[in-house]
Amino acid sequence: MLEYIIARIKFLCYHLFRIEEVEMGNEVLTVFDIANYFSSKSTMSHKKLQKLVYYAYAWYIALYNENADDLKNKLCVDTRFEAWVHGPVCRTLYDKYSNNYGQVDRYNGKISSLITGELKKFLDVVYKVFGKYTGDELESMTHREMPWQNARNTLEPYMSSNEAISEKDMFVYYNSLHG
């Protein structure tokens, strides 16, 4: 399963995303804009939404930056993913949806005007590749990946953590799959 995902992402990324960087001008995307876009596609678990947003964020860092020491291009501003027990979690996104009994309703509002062109294609590919999996399956995938593992370090699987997942680790790991 992981080999198929990696091969699919490599193919799609090569053919779609090295074309040009996304122009955003003075406006900025937020983690909520990305979450709204994904949740506009279907009702899903909060866990699944967290992982979709994480994968979009991490793959964007890997694809739209040249090296790990100069990560200027990020999908959304003021975003930090933490290495929680159940995989990467963005605390601000968690705070918004934590009272929804684990479910995120389908979003029917206005999608950010910044999500067009190459960025929309990028998010659609992330959804196409990862959206078919459950939150539990996505959790399992992230647990096998270096960025989450490095942030967890020597913690036992059941121990809580709010340690940030390194964007440098995201770049290095996902680029190693892409390259």
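Since every read-out is calculated from the coordinates, none of them should be taken as a lab result. Everything numeric in this text was worked out from a predicted model, so none of it was measured. Positions of Cβ are backbone-derived with ideal geometry, glycine not excepted, and every protein chain shown enters the neighbour counts.
What to note about this one:
- Residue satisfying all of: in the range 24-34; out of contact with any Leu (no Cβ under 6 Å at 6 or more places or on another chain) and in a helix (DSSP H, G or I); farthest from Ser113 (Cα to Cα) among these: Phe32
- Residue in the range 37-45 that is exposed (fewer than 15 other Cβ atoms within 10 Å of the Cβ), in a loop (DSSP other than H, G, I, E, B) and in contact with a strand residue (DSSP E or B) (Cβ under 8 Å, 6 or more places away or on another chain) present: yes
- Matching option when the condition is surrounded by 18 or more Cβ atoms within 10 Å (Cβ to Cβ) and under 18 Å from Leu63 (Cα atoms), among Glu139, Glu145: Glu145
- In the set (1) out of contact with any strand residue (DSSP E or B) (no Cβ under 8 Å at 6 or more places or on another chain); (2) within 13 Å of Glu167 (Cβ to Cβ); (3) not in a helix (DSSP H, G or I), the condition left unmet by Lys132 is number (2).
- The range 33-53 residues that are on the phi > 0 side of the Ramachandran plot and of a type in the set (A, V, I, L, M), paired with ones that are crowded, with 23+ Cβ neighbours inside 10 Å and part of a helix (DSSP H, G or I) (beta carbon under 8 Å, 6 or more apart): none
- Residue in the range 74-82 that is under 14 Å from Phe171 (Cβ atoms) and not hydrophobic (A, V, I, L, M, F, W, C) present: yes
- Check on Lys96, of a type in the set (D, E, K, R), surrounded by 14 or more Cβ atoms within 10 Å (Cβ to Cβ) and under 16 Å from the mean Cα position of the chain (by Cα): no
- Just one of the listed residues (Val77, Val104) is within 15 Å of Ala56 (Cα to Cα) and aliphatic (A, V, I, L, M), namely Val77.
- Selection within the range 158-179 - part of a loop (DSSP other than H, G, I, E, B) and either touching a His at 6+ places or on another chain (Cβ under 8 Å) or without any contact (Cβ under 8 Å) to a residue 40 or more places away in the chain (or both): Ser166, Gly179
- Contacts under 9 angstrom Cβ, first residue in the range 82-96 being part of a helix (DSSP H, G or I), partner of a type in the set (Lys, Arg), 6 or more apart: Arg91/Arg80; Thr92/Arg80
Yes/no per residue for (1) surrounded by 15 or more Cβ atoms within 10 Å (Cβ to Cβ); (2) in contact with a Leu (Cβ under 7 Å, 6 or more places away or on another chain); (3) more than 14 Å from Val53 (Cβ to Cβ):
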| position | (1), (2), (3) |
| --- | --- |
| Pro88 | yes, no, no |
| Asp105 | no, no, yes |
| Leu114 | yes, yes, yes |
| Val126 | yes, yes, no |
| Thr134 | no, no, yes |
| Asn175 | yes, no, yes |
